[in-house]
Amino acid sequence: MKTLISLKHAQAIIDPLGVATLTICEAGTLNILSTPVIQDLTMALSELAHNTEIRTLILRGAGDKAFVAGANINEMATLTRKSAVAFISNLRDLCEATRVFPMPVIARVPGWCLGGGLELAMACDVRVAALNTQFGMPEVKVGIPSVIHAALMPKLIGQARATWLLLSGENISTEQAVQWGLIHETVALTELDQRIATIANNFAALGPAVLKQQKTLLRRWEQLSLPDAIADSVQEFGKAFETGEPQKFMNQFLAHKQAKNRSNS
């Protein structure tokens, strides 16, 4: 492992395969998002986004009690209108830096995933949670609306389910989160790191150019109509053949197929 970033609230390491792990540090046992934590994480993501060694990024909290159990209520209780806009703008920038990170981002989600923490998780590409994790958007219970990347929720899980979560402030279980499409998988806590490592290593084995290209397309498709998204992708298909990756991986596939046929004959 090699250390890429070491800040008070954000530390990043990378393994020989190009799997980077960004860990939230010194934010309490529940990895609460205060302004200093948010700023360090955003700074770290900005720096990591330019690192060509990285094939995929795992985003996690310290420990197993939570991914992130929300934003800092002690800090928010003192906000004015002006400072509230500044605070939520910082959190928006963190979630957006995660959402547009050039390589796949995997959220490691144990324990609690609430409010701003769930928004951060939704900004990741893949969410894998431990059994018995609780998910929710409790902002209305403390007098504020869910905003910024809560806007991802209706498309992710459907309008009716998003409406219930955002208006009720109630939590849902891991099983329900899987059924709704809020997370991709759930495993026992003892299996969480191994499952995430498997997913990350699978990403790392793919071509970095095609992963970056596919993620860029996914983000663009969010803004385009279906006919425009289809038309937009035609040129991207052509661009792929300028990277050399189709030739490399297709020839590897054909060579493996030929070797298999020879061994079966």
### Odd one out for Arg219, checked against (1) closer than 27 Å to Met76 by Cα; (2) under 16 Å from the mean Cα position of the chain (by Cα); (3) of a type outside the set (Gly, Ala, Ser); (4) exposed (fewer than 14 other Cβ atoms within 10 Å of the Cβ)
(1)
### Task
Please name all residue pairs, on different chains or six or more residues apart, with Cβ atoms under 6 Å, provided the first residue is in segment 196-219 and is farther than 14 Å from Ile54 by Cα and at pLDDT 95 or above and the second residue is charged (D, E, K, R) and not in a helix (DSSP H, G or I).
Ile196/Arg108
### Message
I'd like to check something: does segment 68-91 contain any residue that is closer than 22 Å to Leu218 by Cβ and either assigned by TED's automatic domain parsing to the domain that holds Cys25 or of a type outside the set (S, T, N, Q) (or both)?
### Response
no
### Message
Condition first: part of a loop (DSSP other than H, G, I, E, B), over 23 Å from Gly111 (Cα atoms) and not polar (S, T, N, Q). Now tell me which residues in segment 22-70 satisfy that.
### Response
Ala49, His50, Glu53, Ile54, Arg55
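Can you find, within segment 1-34, the residue that is nearest to Lys65 (Cα to Cα) among those that are of a type in the set (Ser, Thr, Tyr) and surrounded by 16 or more Cβ atoms within 10 Å (Cβ to Cβ)?
So, considering only residues that are of a type in the set (Ser, Thr, Tyr) and surrounded by 16 or more Cβ atoms within 10 Å (Cβ to Cβ), the one nearest to Lys65 (Cα to Cα) is Thr23.
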### Task
Could you tell me which numbered condition Asp232 fails, if it satisfies all but one of (1) farther than 22 Å from Ala66 by Cβ; (2) crowded, with 17+ Cβ neighbours inside 10 Å?
(2)
### Query
Within segment 11-60, how many residues turn out to be at positive phi and touching a residue at least 12 places away in the same chain (Cβ under 8 Å)?
3
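The values are calculated or read from the model by the stated rules, or taken from the named source; none is laboratory data. Note that this is a predicted model, so its numbers are computed, not measured. Ideal geometry is used to build each Cβ from the backbone, glycine not excepted, and the neighbour counts take in all protein chains shown.
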